[in-house]
Amino acid sequence: MTDPIASLSDSAPADNPADDPAGPIASDVARGIARLFARNGIWCLPEMPLRNGRRADLMGVDAKGLVVIVEIKISRGDLLGDGKWPDYLDYCDRFFWGVPPGLDRSPLEGEAYRPDCCGIIVADGYDAEILRHAPLHSLAAARRKVEIERLARVAMRRHTVLMDAHCSEFGGEIA
């Protein structure tokens, strides 16, 4: 099986991400999550713009047509300083936090991070594991249709531009 988002990182991850002196990077966490998702029939895009002006770190669709968003945090400060994450909940059926191994996940158990509606995935540049499944909070069918169509259009545009960079002149990503 091919790597679905090989372009997420320009360089290979460290042999042991925990030994990387620069620490984990978001693209490694995204790569591991994308591999986990691909094995489970969930296809995703990085940096997906949402209609509210936010960007989902990863947004995808599972085999049942449910929308999944992952917000990646690579440091405790990054996690504690993020007040925008609830803005993503209106655009997905399931929401996950994506974190590297070794990150203190205890804040994610607190009420402010709503463990009742958020899953947790631990990932490195090679693979990922779901530590807490994200419960289903179903979008309205009309909203889900709009989000899947937007996701598809952005994916097709990115793919087309990869095949022919001149096509980028003919319109931007959906914001």
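Tabulated data for the structure shown
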item: FRET efficiency, A142 to R76 (Cβ-Cβ, R0 35 Å, nearest 0.05); result: 0.35
item: Linear extension gain, E149 paired with K64, 0.36 nm per residue minus alpha-carbon span; result: 29.1 nm
item: Additional length obtainable on full extension of the chain from C117 to T160, 0.36 nm per residue less Cα span; result: 11.9 nm
item: Among 140-151, 47-58, 113-124, the order from most to least packed when residues are scored by Cβ within 10 Å on average; result: 113-124, 47-58, 140-151
item: Beta bridges by DSSP in the stretch 75-166, antiparallel share as percent, to the nearest 5; result: 45 percent
item: Rg ratio (alpha-carbon, reference 2.2 N^0.38 Å) - the stretch 13-138; result: 0.98
item: Sorted by Cβ neighbour density within 10 Å, fewest at the top, the residues H137, H166, H159; result: H166, H159, H137
item: Rg and Dmax [Cα atoms of the stretch 37-102; Å; Rg one decimal, Dmax integer]; result: 12.0, 35
item: Those lysines that a straight Cα-Cα span of less than 19 Å connects to K64, excepting residues fewer than 8 apart in one chain; result: K145
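The numbers here are math on the coordinates, done by the rules we state, and not lab data. Note that this is a predicted model, so its numbers are computed, not measured. Cβ: placed from backbone, ideal geometry, glycine included. Neighbour counts: every protein chain shown.
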